[in-house]
Amino acid sequence: MKSLLIDCCGLSCPEPVLRARKAMLESGAKEVKVKVNTTVARDNVSRAAVSLGWKVNVEFVEEDDCYLLTLVK
Amino acid sequence: MEKMKERTFLIIAGIIAGLVSVLLVLQGNPANMGFCIACFLRDVAGGLGLHRAAVVQYIRPEIIGLVLGSFAGAFYFREYRSTGGSSTVLRFFLGALMMMGALIFLGCPWRMLLRLAGGDLNALVAFPGYIFGIWVGTLFLKKGYSLGVAVQQPAPNGAAGPFFFVVLLVLVIAAPAFIFFSTEGPASMRAPLAFSLITGLLVGVLAQRARLCTMGAFRDIILFKDFYLFAGIAALFLMATAGNLVTGNFNLGFAGQPVAHTQAIWNFLGMGIVGFAAVLAGGCPLRQLILTGEGNSDAAATTLGMIMGAAFMHNFGLAASGQGVPAAGQVTVAIVWALLLIIAFTATRSAVKNVRSGFKTGHKKETPMA
C-alpha cells in the first residue's frame, strides 16, 4: 500500500491543508501521514480530510512536540 | 458531534463580536466603527505621535483588549507558544501594505462588514474588491506560495508583542502629557475606557478560541469550497445589521456615510489590497492581533508593520478621508498592488525551487514511505 508522509511543522495555514489535500487527491496514496505542530493546523487538516471522506487518527508525538495525523482513505 | 460544537461556538463568537460592535457605537465610538482594526491601529499610531493627523489620535483600548484577551485564552488552553522566524521582515512590510490599502477604503474587513451592516453601500463596492484580492492571493497559494516555516523561539520573542500592548495599556490609563489624544474628529469619539477594554478582552478570547478570520472565511470557500469559517463572519454581519436596525443606526445609501467616501474604484482597489495582502500574510488584521497574543512574533511584526503603514499614509497625506482619496493616494494604490504582485511572484518562485531541492529552510519535501 502506497503511503506518504508530509511534514508541515512550522507552516502556517492554509499551507498544511493545501499540501494534505494535494497528497490525498493527487498522489494516489491510500494513507497520508501529516505532521503538524499547531492545534489550528491539526484541526484544519482533520476537517479537510473528513470533508473528503477520509478517516483521521490523531496522535501527539511527545519527542517531536508535534501532532501526527494519519489520514486513511 | 465535535464538529457541530465547534461550529456553534464559532457562530456564537461571531454573534457576540457583532453585538459588541453595535454596543461600542452606542457607547461613543464613531458610527459604523464599533470595531475596526485598521482605524484603531491608525489611532494608536497617532496616539504615539508617529503621525500628526490631529483627528485620528487615541490609544484604542479595544486593540489592547484583543491582544491581551487572545494571550489569556491561548495561555489558559496551553496554546501559547513563542514562535516565529517565517519571513519576519517580509511580514512587517505585508502588514504595512495591508494597512495602506485599508486606509484607502477607510476600514479593515471587519469595518467593511460593519459599514455594510449600517447600510453604507460603498462597502458593497469594496466587498467584491476584497474577494478579488483574496482570489488573486489564492492563485499564488495554489502555485506553491509560502513564507517558510516558523520555529520555536526564545521566550522573549513571543512575549514582546503582548508586552508592547501592556505598555500601551499603561499609557492610555496614565495618559501622560506626551501622548496625543484627539479632541475632535473620529478619534475624539470613544466609548468609556473600561467598556472598550473589557469588550476587547472578551472578543479577543472568543476570536482566539474560535479562530475567527475575515479573510480565511472567503479564502477557504475559494480554495476548498469550505464554508466553516464563513459561518462566524456571517453571524457577525447579521447580528450587526439587526443591532443597527433596532437602534436606528441603519441608513441605506452611498452619500453622507460616516467616515467614508464614495469613490467606487478606490474602494474596490483599496480593499483588494487588503484581501491580497491578508492572504500573503496568512490572516486578516484581526487575526494578526490574535496571533500576536498567542506568542507568534511574525504576527507581531505584521502588526507593527500595520502601525508603520498607518503612520506613513498620514504623514505623507496619502490616506483617504470623507472627501475621497487624494491624487498621491491613488498613485500609492498602484504602487502597493505592484509591490504585492512582486512579493507574491518572487516568494512563490523561491518556495517552489526550494521544495524541489528539499532545501532545509523549511520548505519541506514530501517523503514516500514503505
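Regarding region B:6-57, what is the average projected area of its C-alpha convex hull, in nm²? Working shown, then result.
Working: hull surface 17.5 nm².
Convex hull of Cα atoms, orientation-averaged projection: 4.4 nm².
Place a +1 charge on the Cβ of each Lys and Arg in the protein assembly as shown and a -1 charge on the Cβ of each Asp and Glu, then give the dipole magnitude about the Cα centre in debye, rounded to the nearest 20. Mind showing how you got there, number by number?
Numbers: 36 positive and 22 negative charges, 218 e Å.
Magnitude of the dipole: close to 1040 debye.
Separation of region B:81-118 and region A:10-54 by C-alpha centroid, Å?
Rounded to whole Å, the Cα centres lie 27 Å apart.
Which whole-angstrom value gives the distance between the alpha carbon centres of region B:234-298 and region B:123-164?
Cα centroid of region B:234-298 versus Cα centroid of region B:123-164: 16 Å apart.
Using +1 at the C-beta of Lys and Arg and -1 at the C-beta of Asp and Glu, which of B:109, B:214, A:6 has the Cα lying farthest in the positive direction of the dipole of the protein assembly as shown?
A:6
From Cα pairs below 8 angstrom and at least 6 apart in sequence, can you work out the relative contact order of region B:2-354, rounded to a whole percent? Kindly include the intermediate steps, with their values, before the conclusion.
Details: 749 pairs, mean separation 129.9, N = 353.
For region B:2-354, the relative contact order is 37 percent.
What FRET efficiency comes out for residue B:181 versus residue B:251 if R0 is 30 angstrom and r is the Cβ-Cβ distance? Round to the nearest 0.05. Please report the intermediate quantities before stating the final value.
Details: r = 28 Å, r/R0 = 0.95.
It comes out at approximately 0.60.
I'd like the Kirkwood hydrodynamic radius of region B:1-160, using the inverse of the mean 1/r over distinct C-alpha pairs, in Å. Walk me through the numbers on the way to the answer.
Numbers: mean 1/r = 0.0548 Å⁻¹.
Kirkwood radius, region B:1-160: 18.2 Å.
On full extension of the chain, what length is gained from residue B:132 through residue B:12, given 0.36 nm per residue of separation minus the C-alpha to C-alpha distance? Show your work: numbers first, answer last.
Values: separation 120, 0.36 × 120 = 43.20 nm, distance 2.79 nm.
Between residue B:132 and residue B:12, full extension yields 40.4 nm more.
Using helices alone, I'd like the mean residue ellipticity at 222 nm for chain B: each DSSP H run of four-plus residues gives -39500 (n - 2.57), total over residue count, nearest 500.
Details: 14 runs with 242 residues, N = 370.
So the calculated ellipticity at 222 nm is -22000 deg cm²/dmol.
Which of these, B:45, B:260, B:175, has the largest mean-square fluctuation under a Gaussian network model of chain B (Cα springs below 10 Å)?
Greatest mean-square fluctuation among the candidates belongs to B:175.
For residue B:349 and residue B:328, what does the FRET efficiency come to when R0 = 41 Å and r is the distance between their Cβ atoms, rounded to the nearest 0.05?
Computed FRET efficiency for residue B:349 and residue B:328: 0.85.
Please report Rg (one decimal) and Dmax (integer) in Å for the Cα set of region B:194-279.
Cα only, region B:194-279: 15.7, 41 Å (Rg, Dmax).
Angle between the Cα long axis of helix A:15-26 and the longest principal axis of chain A, 0 to 90 degrees, nearest 10?
20
What's log10 of I(q)/I(0) for region A:3-72 at q = 0.16, 0.21, 0.25 Å⁻¹, Debye sum over Cα points only, no solvent?
Calculated log10 I(q)/I(0) at the listed q: -0.43, -0.76, -1.09.
Taking Cα pairs under 8 Å and at least six residues apart, what relative contact order does region A:3-72 come out at, in percent?
Numbers: 119 pairs, mean separation 23.6, N = 70.
Relative contact order, region A:3-72: 34 percent.
Taking the dipole about the Cα centre of the protein assembly as shown, with the C-beta of Lys and Arg at +1 and of Asp and Glu at -1, give me whichever of B:192, B:27, B:237 is farthest to the positive side.
So the residue furthest toward the plus end is B:237.
Taking chain B as a Gaussian network, where each spring joins two C-alpha atoms under 10 Å apart, which residue of B:13, B:242, B:338 fluctuates the most?
B:338
Given 10 Å bins starting at zero, what is the percent of C-alpha pairs of region B:29-82 in each, up to the one with the largest pair distance?
It works out to 24, 39, 25, 11, 0, in whole percents.
What distance in nm separates the two pseudo spin-label positions at residue B:75 and residue B:173, each 7 Å out from Cα along the beta-carbon direction?
In this crude label model, residue B:75 to residue B:173 measures out at 1.4 nm.
Compute the acute angle (0 to 90°) between the alpha-carbon long axis of helix B:61-76 and the principal axis of greatest extent of the alpha-carbon atoms of chain B; round to the nearest 10°.
The helix B:61-76 is inclined about 40 degrees to chain B.
Projected area of region B:131-197, taken from the Cα convex hull and averaged over every viewing direction, in nm²?
Numbers: hull surface 35.2 nm².
Averaged projected hull area, Cα only: 8.8 nm².
Taking a temperature of 10 °C and a viscosity of 1.306 mPa s, what whole-number D in µm²/s does Stokes-Einstein yield for the protein assembly as shown with Rh from Kirkwood over alpha carbon pairs?
On the way: Rh = 21.8 Å.
Rounded, D is 73 µm²/s.
Relative to the compact-globule scaling 2.2 N^0.38 Å, provide the ratio for the alpha-carbon radius of gyration of region B:2-354.
Numbers: Rg = 18.4 Å, N = 353, 2.2 N^0.38 = 20.4 Å.
Compared with the compact-globule rule of thumb, region B:2-354 sits at 0.90.
For chain B, modelled as a GNM with alpha-carbon contacts under 10 angstrom, which of B:74, B:126, B:255 fluctuates the most?
B:255
Region B:241-356: D in µm²/s via Stokes-Einstein (Kirkwood Rh, Cα pairs, 20 °C, 1.002 mPa s)?
Numbers: Rh = 16.7 Å.
Stokes-Einstein gives a translational diffusion coefficient of 128 µm²/s.
Please report, in Å, the Rg and the Dmax of region B:135-279, where both are computed over Cα atoms only.
Spelled out, the Cα radius of gyration and Dmax of region B:135-279 are 19.6, 52 Å.
A short reminder: the numbers here are calculations on the coordinates, not readings from a lab. Keep in mind that what you see is a predicted model, and the values were worked out from it rather than measured. Here Cβ is always computed from backbone atoms with ideal geometry, including for glycine, and neighbour counts include all displayed protein chains.
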